[in-house]
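The values are calculated or read from the model by the stated rules, or taken from the named source; none is laboratory data. Being a predicted model, the structure only gives us computed values, none of them experimental. Quick reminder, even Gly has a Cβ in these numbers, built from the backbone with ideal geometry, and neighbours come from all protein chains shown. Surface accessibility is based on the protein's heavy atoms, side chains included, excluding ligands, DNA and RNA. Shrake-Rupley method; radii C 1.70, N 1.55, O 1.52, S 1.80 Å.
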Amino acid sequence: MSKSAVKISLDLLSNPLCEQDQDFLNMVTALDTAMKRMDAFNQEKVNQIQKTVIEPLKKFGSVFPSLNMAVKRREQALQDYRRLQAKVEKYEEKEKTGPVLAKLHQAREELRPVRDDFEAKNKQLLDEMPRFYSSRLDYFQPSFESLIRAQVVYYSEMHKIFGDLTQQLAQPGRPDEQRERENEARLSELRALSIVADD
């Protein structure tokens, strides 16, 4: 929007009316200056939001692939644990012969490190996921505050820019109602021309 406003003011400056009427040129020049100031503050706001909101959100989003990977590793460890646990249970149900006891012992030995691995990964997720979840507000709050501050600064500056512009363009002693009547009278004169079609 600010880029369009700057373009409009530049187009008005290049209008032949500005060459013919010094007062109009002064008004359009004041508008052009205000629009360029508005555009500069808009760009500053965009840069501020980029640094304090968008970039932190991207960094936060980059955490999710590693978090998802940790969940997948835990799921894989759980599957391995269940598979070996089922193997141990199968040998425990069989008749206790020498070869079965040997296989049972071997299956229990295979199960131990897999169980320890699963329990470690599970404990890590159970400890860290609630902390991760609860810390999201602490992470986003500064970005949200920065967004609000950037908007407040921008709109305060816009109020000042347009207030200054209004003072520059204001003609003393002419209230808005009088300007509206004058514009309506001029429009009526234009409508009265024979080259204007009645709608």
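Residues that are among the basic types (Lys, Arg) and open to solvent by less than 70 Å² (accessible area, probe 1.4 Å) within the stretch 1-56 comprise just one, LYS45. A Cβ distance below 8 Å, combined with a sequence gap of six or more or placement on separate chains, defines the contacts here; from the stretch 107-135, residues that are under 11 Å from LEU84 (Cβ atoms) and among the basic types (Lys, Arg) reach residues that are surrounded by 12 or more Cβ atoms within 10 Å (Cβ to Cβ) and at pLDDT below 95 in the pairs ARG108/VAL88; ARG115/TYR81; ARG115/LEU84; ARG115/GLN85. Would you point out which residue out of PRO142, PRO172 is assigned to a loop (DSSP other than H, G, I, E, B) and either modelled with pLDDT of 90 or more or open to solvent by 70 Å² or more (accessible area, probe 1.4 Å) (or both)? Answer to the selection: PRO172. Open to solvent by less than 70 Å² (accessible area, probe 1.4 Å), of a type outside the set (S, T, N, Q) and closer than 30 Å to LYS51 by Cβ - does that describe any residue in the stretch 78-85? Among the residues of the stretch 78-85, not one is open to solvent by less than 70 Å² (accessible area, probe 1.4 Å), of a type outside the set (S, T, N, Q) and closer than 30 Å to LYS51 by Cβ, which makes the answer no.
Charged (D, E, K, R), farther than 30 Å from THR33 by Cα and assigned to a helix (DSSP H, G or I): is that true of GLU92 in this structure? When the stated conditions are applied, GLU92 passes them. Listed by first and then second residue, the pairs linking a residue in the stretch 12-32 that is among the small types (Gly, Ala, Ser) to a residue that is open to solvent by 50 Å² or more (accessible area, probe 1.4 Å), with Cβ atoms under 6 Å apart and 6 or more places separating them unless they lie on different chains, are ALA30/GLN168.
Taking the stretch 54-63 as the range and being assigned to a helix (DSSP H, G or I), at pLDDT below 90 and either under 14 Å from LEU147 (Cβ atoms) or of a type in the set (Gly, Ala, Ser) (or both) as the test, the residues that pass are LEU57, GLY61.
Among the residues of the stretch 136-172, those that are without any contact (Cβ under 8 Å) to a residue 24 or more places away in the chain, of a type outside the set (Ser, Thr, Tyr) and closer than 21 Å to LEU31 by Cα comprise HIS159, LYS160, GLY163, GLN167, ALA170, GLN171, PRO172.
Quick check on TYR155: is it part of a helix (DSSP H, G or I), at pLDDT 90 or above and not β-branched (Val, Ile, Thr)? Taking the combined requirement at face value, the residue satisfies it. Taking the numbered list (1) in contact with a helix residue (DSSP H, G or I) (Cβ under 9 Å, 6 or more places away or on another chain); (2) among the hydroxyl-bearing types (Ser, Thr, Tyr); (3) open to solvent by 50 Å² or more (accessible area, probe 1.4 Å); (4) modelled with pLDDT under 90 in turn, TYR91 passes all entries but (3).
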